[in-house]
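Here's the structure we're looking at; comments come further down.
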Amino acid sequence: TIPPRMAQTDSSGSGLRAVLFATAVAGVVGYAIQLLAPALLTDDAAYVAFSVFWSALYLGGAAISGVQQEIGRATHPDPAGSGGRELLIFLLSAGLAVAVAAVAVSLILGGAILPGSRGALTVALVVGLVGYLATSVLTGVFYGLHVWRAVAFSVIADALIRAALVISGLLLGWDVAVLALMVAIPFGMAATLSWLVFRGRVKGAFRLDVGLRRLVAQVS
């Protein structure tokens, strides 16, 4: 008999469609923001700061994407699993490392990647990358457990929250430092919301097939 927690997976067909739809929505939202920004940010320096920050944040996110892939590969259903505790330790440790790396890069490269309000933009970069890390950890577990609707929910939540915050900020003429924070915080907000909605599907329901040291090595 399959334990109840192990049976709570989504069908691959409908799950794939949901993930593809969510990815398409996120792509459209991202391009919409990038098209609106030059139209609504009439100050050239503000537009440059916004667009360069956007690029730096998503470049950092691309570097972190291996976290999702490796956790997805290492996660297996187990009704008595302790994977959650191990991943919490990983998230806290990796989050500190990502924050330190973001600050170091901003200090070394300075105005080349964070033109304008460097201090505020550095804070936004740290918030965004740590939030991206949290999202990658959680969606990695969703992928490993084949909870496709949770993956789709996380992707769409992130995109729609960002659209609401950033477009509102552009229309209201907010400072570029505030806009950068509006770009960054939806990662963490989406991760938190996804955990609250789907935690019953994953809490105590999985294990990792590698230890923390091996997980860190493979992610790296």
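Here are some notes:
Here's the yes/no breakdown for (1) more than 20 Å from Gly30 (Cβ to Cβ); (2) without any contact (Cβ under 8 Å) to a residue 60 or more places away in the chain; (3) of a type in the set (Phe, Trp, Tyr):
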| residue | (1), (2), (3) |
| --- | --- |
| Ala134 | no, yes, no |
| Leu145 | yes, no, no |
| Ile161 | no, yes, no |
| Leu181 | no, no, no |
| Leu193 | no, yes, no |
| Val219 | yes, no, no |
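- Within the stretch 190-213, the set of residues being in contact with a helix residue (DSSP H, G or I) (Cβ under 7 Å, 6 or more places away or on another chain), outside any strand (DSSP E or B) and basic (Lys, Arg) comprises Arg201, Lys203.
- Neighbours by Cβ (under 7 Å, 6+ apart or cross-chain): first from the stretch 69-89, farther than 10 Å from Lys203 by Cα and touching a residue at least 24 places away in the same chain (Cβ under 8 Å); second open to solvent by less than 40 Å² (accessible area, probe 1.4 Å) and among the aromatic types (Phe, Trp, Tyr): Thr75/Phe206; His76/Phe206; Pro77/Phe206; Asp78/Phe206
- Failed criterion for Val155 (all others in (1) touching a His at 6+ places or on another chain (Cβ under 9 Å); (2) modelled with pLDDT of 95 or more hold): (1)
- Restricting attention to the stretch 181-220, the residues that are open to solvent by 70 Å² or more (accessible area, probe 1.4 Å) and hydroxyl-bearing (Ser, Thr, Tyr) total 2.
- Sole residue being open to solvent by 60 Å² or more (accessible area, probe 1.4 Å), within 27 Å of Ala26 (Cα to Cα) and of a type in the set (Lys, Arg), chosen from Arg118, Arg85, Arg73: Arg73
Let's see how each residue does on (1) over 25 Å from Leu20 (Cβ atoms); (2) part of a helix (DSSP H, G or I); (3) not hydrophobic (A, V, I, L, M, F, W, C):
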residue: Ser154; (1), (2), (3): no, yes, yes
residue: Ala157; (1), (2), (3): no, yes, no
residue: Ile185; (1), (2), (3): yes, yes, no
residue: Leu215; (1), (2), (3): yes, yes, no
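- Taken over the stretch 127-164, the criterion of being open to solvent by 30 Å² or more (accessible area, probe 1.4 Å) and at negative phi is satisfied by Val127, Val130, Tyr132, Tyr143, Trp148, Arg149, Phe153, Val155, Ile156, Leu160, Ile161, Ala164.
The values are calculated or read from the model by the stated rules, or taken from the named source; none is laboratory data. Note that the structure is a prediction, hence the values are computed from the model and not measured. FYI the Cβ positions are ideal-geometry reconstructions off the backbone, even for glycines, and counts take in every protein chain you see. Note: areas computed on protein heavy atoms with side chains; ligands, DNA, RNA excluded. Shrake-Rupley method; radii C 1.70, N 1.55, O 1.52, S 1.80 Å.
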